[in-house]
Structures are given as C-alpha cells and as structure tokens.
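The values are calculated or read from the model by the stated rules, or taken from the named source; none is laboratory data. Everything numeric in this text was worked out from a predicted model, so none of it was measured. All Cβ positions, glycine included, derive from the backbone under ideal geometry; neighbour counts span all protein chains shown.
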Amino acid sequence: MQKQPSTKSKLKTKGAKRNAKETKFAEQISEDKAVELLRTSFGRNDYGFRKVLEHSRAVQRTALGIAKKLARKGIFLDIPFIKSGSLLHDIGRSKCPPKTKSSIKHGIIGAKLLRQKGLFRHADLAERHIGAGITKTEAKKLGLPAKDYLPLSIEEKIIAHADNLVFGDKIKNFQMAYDCFEKELGKRYAQRLVKLKTQVENFS
C-alpha cells in the first residue's frame with residue numbers, strides 16, 4: 001500500500017509552490033526606471049546609450065508580440081518582467097561594446113550591474129540571453145566563468161528568441177537570424193536557435 005503524504009507535508013508543498021510564485025513576480029521595475037538605469041550605466045556615452053535603447057525597444061516590441069500570441073492560448077506570463085527585462089538585457093554593453101574583445105562578456109557584466117541593484121531575475125536574464133544560450137563547455141572556451149548560461153524560464157526564452165530576431169533596431173525574420181548564426185558559429189549552434197524557437201512557440 002502506497003503511503004499517503006501527511007497533512008503537514010501537503011501544506012509544506014503548497015507553501016513552497018506559493019512562495020516560488022510570489023518570488024517570481026516580486027521583482028519589478030518600471031519601464032521608466034529601467035531606461036534611467038540603462039542611461040546611468042552608459043555615463044557620458046549618450047550615443048552608445050541611444051543605440052542600445054533603440055535595439056532594446058525593438059526587442060521589447062518583438063517579445064511582447066510573441067507574448068500576445070501565447071496569451072491567446074491561455075498562457076499566463078509575467079508581462080512587466082518581459083517589458084523591463086527586454087530594456088535591460090543588454091545593459092552590459094555599456095562596458096562591453098559590440099565588435100570589441102570584451103563583447104562576449106556583456107552578459108556577465110550586465111548581470112553584475114543588475115545584481116548590485118538587487119535585480120536578480122534581470123541579472124539571470126542578462127547572463128542567459130545570448131543567442132540560444134551558452135553551455136559550460138562553450139563558456140570555458142570563450143573565457144567566461146565555467147557554468148551554463150542557458151535561458152530557463154519562458155520569459156527568458158521569449159526575450160532571448162526576440163533578441164535573435166533583432167539586428168540593430170530592425171526586426172528580421174527567423175531565417176535571417178539562423179543564417180547569421182550558422183555563418184558565425186556553425187550549423188550545430190544554429191540548430192539550437194531552432195530548438196529555442198520551438199520551445200517558445202510550444203511553451204516549454
């Protein structure tokens with residue numbers, strides 16, 4: 001006969017689930033404050049700030065479009081986090097601009113900046129948003145701290161996928177993104193973009 005869980009055990013499980021849900025939605029920052037934080041991180045580099053903000057706004061529009069489609073399927077998402085996370089995912093570009101040797105580190109640098117502000121979910125997103133994520137093995141080769149940098153939550157996956165579709169401030173189709181990653185990182189990595197796209201579209 002299978003042993004039934006005690007009432008105390010059931011309450012503990014329910015409490016853990018509730019606390020996890022409360023934690024997920026506890027960290028919020030308004031769009032205005034997110035933009036101001038982004039602006040502050042760039043200091044006097046107004047051009048760099050404007051370029052990243054334009055890109056981030058395009059990522060935000062794309063991510064919200066994806067979220068809207070999922071909402072029609074009855075899927076509940078943290079929309080405020082998608083809005084602010086999209087704006088802050090590239091905050092590390094303030095220290096690691098594109099086409100520089102430090103560019104690949106913009107995720108971990110951005111995460112450090114966000115953790116200093118107590119924005120831990122946003123920091124996780126900043127670390128995990130690059131391409132379809134970076135594995136521990138890839139991280140070692142790239143000179144990053146050895147761990148996995150893979151998007152985990154559906155919101156992280158939505159923003160990472162949206163970021164892959166935006167070049168500068170222009171929204172492109174998925175085939176263009178695939179071709180770009182295949183040329184730069186090879187077919188095997190490009191296939192991971194397909195997997196990420198499928199996960200987002202099928203909510204997994």
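Observations on the model:
- Listed by first and then second residue, the pairs with beta-carbon distance under 7 Å, at least 6 apart or on different chains, first residue in the stretch 144-172 and touching a residue at least 24 places away in the same chain (Cβ under 8 Å), second surrounded by fewer than 16 Cβ atoms within 10 Å (Cβ to Cβ) and in a strand (DSSP E or B), are LEU165/ILE171.
- Residues in the stretch 129-159 that are small (Gly, Ala, Ser), within 20 Å of ILE171 (Cα to Cα) and touching a Lys or Arg at 6+ places or on another chain (Cβ under 6 Å): 1 in all.
- Condition met for LYS51 (surrounded by 14 or more Cβ atoms within 10 Å (Cβ to Cβ) and either at pLDDT 95 or above or assigned to a helix (DSSP H, G or I) (or both)): yes
- Residue list for the stretch 77-89, restricted to those being touching a Leu at 6+ places or on another chain (Cβ under 9 Å) and either hydrophobic (A, V, I, L, M, F, W, C) or not in a helix (DSSP H, G or I) (or both): LEU77, ILE79, PHE81, ILE82, LEU87, LEU88, HIS89
- When the stretch 176-204 is limited to residues that are of a type in the set (A, V, I, L, M, F, W, C) and without any contact (Cβ under 8 Å) to a residue 40 or more places away in the chain, the one that is farthest from ILE134 (Cα to Cα) turns out to be MET176.
- Within the span defined as the stretch 139-151, every residue fails to be among the basic types (Lys, Arg) and within 11 Å of the chain's Cα centre (by Cα).
- Of the helices (runs of 4 or more DSSP H) lying entirely inside the stretch 96-155, those containing at least 1 residues that are modelled with pLDDT under 95 are 136-142.
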